[in-house]
Each structure stands twice: as structure tokens, then as C-alpha cells.
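The values are calculated or read from the model by the stated rules, or taken from the named source; none is laboratory data. In this text the structure is predicted, and so the values were computed from the model without any measurement. Every residue, glycine among them, receives a Cβ derived from its backbone with ideal geometry; neighbour counts consider all protein chains shown.
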Amino acid sequence: MLTSLGAPLGIKAFAKAFENKASLTANELASDEDFWEQIRAQYLLKPDYINLENGYYNFLPQPLLNKYIEHIKEVNLQGSYYMRTVQFENKKKITERLAKLAGCGADELIITRNTTEALDLVIGGLDWKQGDEAIMAYQDYGAMLDMFEQVQDRYGVKRIMLSVPNHPKNDEEIVQLYEQAITSKTKAILVSHMINISGQILPIKKICEMAHAKKVQVIVDGAHAFAHFKFTIDELGCDYYATALHKWLSTPLGAGMLYVRKGNAAKVWPLLADGEKDKNKITRLNHTGTHPVHTDLTINDSIDYYEMMGAERKEARLRFLQNYWTTKVRNLPKIVVNTPADPKRSCAIANVGVEGIDPADLAKRLLKEHQIFTVAIDYANVRGCRICPNLYTTTKELDHLVEALQQLSKNV
């Protein structure tokens, strides 16, 4: 059984709702619960639990879901005619718009199916030689570490593993951590823009500047950063950047993107061979065969939705939600927050643990006893549950989380 749905605003009315609040700053609007209740009405939510695990997949609000269904119907109606006529032209237009939003050239970006595919394309496609070294962190996403392990086994590349502290003193501590791991054999650094298990934002620009001074390429995992908080890829200065659009941009499942800095495309072997023979063209890396093109079409609608809201307003609301609940529990006995308190080092995602309760048990008890759905994290110095609110999340729901943590910590 699903909750009743408020009258969907529709994308145009959604934009009007934000226009009516134009006099408020992003931070003022962030705490306007009556306004965000209107946004919540655009989502169809299950009443069985409070969903605080929006990091895996930020599902679509109804206006976007309706657009997605329209695209499915249209592609199904046209069939092969669509695939053989305007499929690639439409994808090119969407790529150009996505590149503008990302802050890079359209000839530096391709649409993929997810972050893992995009990053593995680079990791597996670089021309590795035996003895090369690659730096990465235990806190990086498992699929990327697995791919580097395969590269290690296949080409004799050495993985240099480091551990990122949950509460760094400053940016320099993080930059020095990576700098000290560089040797004359270092070919690339893999680094997370936002660590997925803790929500910590790393100083990517400073890491890139340091690495480039030492002639080392930087591969950035931006799965949780894009359309979450405001930045542009060109200001980061990285060599490769990948993200999943079905996370914080709220596209349908199966949409991601890969940025390859101009001049780097020829350094990467395609995952699948393509008809494009010019090694300098990024499209050479984008052969995927037949795929769900209606997902690509909906990227355009998701960008509409995001731009109508505004990057600053979305970031402010998400950061407000995280700070709302973490500030209430950070100093409580037996509760451990594994995310920096500095608001510049986090946004929506945070991780919380309770001393004496294994993360897996904590997640089970939150769901069973308090009807709160989260995900347990228990590795790389992060022990707790990842809490990922979304725009539809209310402060009342977060109050329920705080009460649940207080009860659980008192009964250990």
C-alpha cells in the first residue's frame, strides 16, 4: 500500500513555487518546512518506513516519473524508427546540456550507465605497465578498488592504499596524505569527491594541483557529489570525473556520466570497440550497444527540475537537513558521528554509530523498532549507519531518528 499523493505541481508549477520564494535566501528557504511540504507532495512514498537511504538511488518525484513514462511510450511507439533516426542526435543534445551544467566541454563528456561503468572504463582502459603505482583509499567505493585489484593482477600494477581520517584538521592534512604516497612510479590517484560511506567532502582541487605538479593524473569518483552540492568540473582541475545521475540529479536508474579532460581520451582504451577511429574523440569511449534510450531522454527533464530549483537552494536544504539531526546527537554519550562537523566538509550524507551495537544490528533495530530504513557500514574506520535524507525528508522524521538513537544508546 502506498501513501496518498498530494496534487503534483507539474514542472511549470514547481518552478512557480520557487519563484514565489525568490525574496528568501537559500539558507532562509532551507528551514521553511511549510514550503518543503509542497515539494514532499511530489513524491509517492511508502508508509512502511522512513527512507533515510537515498544515496543508493534518489527516486523520481512524480512530475519526472510522468515524463519518464511518456518517453517510454514514445520510444515504444516509434520502435526501430526512433533508434535509426533521432536517437544519436537527441543524445548529443542532452550531452551538450549536461556538459554545460557540469562545467566542461561537450567534447569532454559522455553519458554512461553509472559511476562504476564510467570509472572502470578509465581504470581498466589506461595503458598500465608493470611496476606502475596507483594511489587510492580504503574508504573508496568497493567496485573501484576491485577494478584496481584486477589491474594489479593483470598488469603488475602496485596499489598504494591509504586511510582518510573521518575528522581531518584541515585540507592540508588530506592533501599531504596523498602527496606522501607519491613516488616516481605513481601513474594515477583515485580519490572520492564525497566519500560514500561517511559523506565527507574532500579538497579535490588542492589534491589535483598537488598531483599535477608531480605529473600524476587524478581520477575522481563523484558518485555522490554531482547535483548534490554546487561545483563545476572545470574548477576542480581533475583528469577524469565520473558520477551517477540517478543519485542526486534524480534521473531514472541507469544514467551516469564520464568526464575526460581534453587531450586524455587517446590515453584510454574503450571498454567496447567503437566505429570511431579518431583516438582523440571521447565518443570513441561511448559505445554501449542498444540501451534504454528513454532513460537518456529523461536526463533533460531532470536537468529542468534541478535548474528550476537552483543549485544553491538544493544544497542549502540538504545541508540543513544533515546539520539539523547531527547537531542534536554529536555530543551525546555512546553516539559517534563519523562525518566532519565542519559544514564545508559534508552536505546531506552523514554516518552515525552507537557504541556497543554493531552497525548491522543498528540498521536492523532502526528498521524493526523505529521504522527507519538506513544502510549499515562497517569497514575502513567507519562503523555506523549511513543517513541520506532527500528533499522530501521532514524535520519531524529526523526528530524521530534522533529519538531512536537516544533510546538505542541508553539501552546498550
Study note, to complete from the structure: Among (1) surrounded by 24 or more Cβ atoms within 10 Å (Cβ to Cβ); (2) more than 28 Å from residue 92 (Cα to Cα), residue 214 falls short only on (1)
Point to revise | Residue that is of a type in the set (D, E, K, R) and not assigned by TED's automatic domain parsing to the domain that holds residue 253, where the choices are 53, 96, 108 | key: 53
Point to revise | The listed residue being in contact with a Leu (Cβ under 9 Å, 6 or more places away or on another chain), under 21 Å from residue 340 (Cβ atoms) and either in contact (Cβ under 8 Å) with a residue 12 or more places away in the chain or not in a helix (DSSP H, G or I) (or both), out of 135, 197, 123, 174 | key: 174
Check your understanding: Does at least one position in region 178-187 carry a residue that is small (Gly, Ala, Ser) and touching a helix residue (DSSP H, G or I) at 6+ places or on another chain (Cβ under 9 Å)?
Key -> no
Review point. Quick check: is even one residue across region 270-287 in contact with a Lys or Arg (Cβ under 7 Å, 6 or more places away or on another chain), surrounded by 18 or more Cβ atoms within 10 Å (Cβ to Cβ) and not in a loop (DSSP other than H, G, I, E, B)?
Key: no
Point to revise | Some residue of region 168-184 being modelled with pLDDT of 95 or more, in contact with a Ser or Thr (Cβ under 8 Å, 6 or more places away or on another chain) and either under 16 Å from residue 115 (Cα atoms) or among the aliphatic types (A, V, I, L, M) (or both) | key: no
Review point. Applying the selection to region 64-102, what residues are of a type in the set (Gly, Ala, Ser) and surrounded by fewer than 16 Cβ atoms within 10 Å (Cβ to Cβ)?
Key: 79, 80
Review point. Given region 291-395, what helices (runs of 4 or more DSSP H) lie entirely inside it while holding 1 or more residues that are more than 18 Å from the chain's Cα centre (by Cα) and modelled with pLDDT under 95?
Key: 293-309
Study note, to complete from the structure: Only one of (1) out of contact with any Leu (no Cβ under 9 Å at 6 or more places or on another chain); (2) among the polar types (S, T, N, Q); (3) surrounded by 12 or more Cβ atoms within 10 Å (Cβ to Cβ); (4) not assigned by TED's automatic domain parsing to the domain that holds residue 292 does not apply to residue 23, and that is (3)
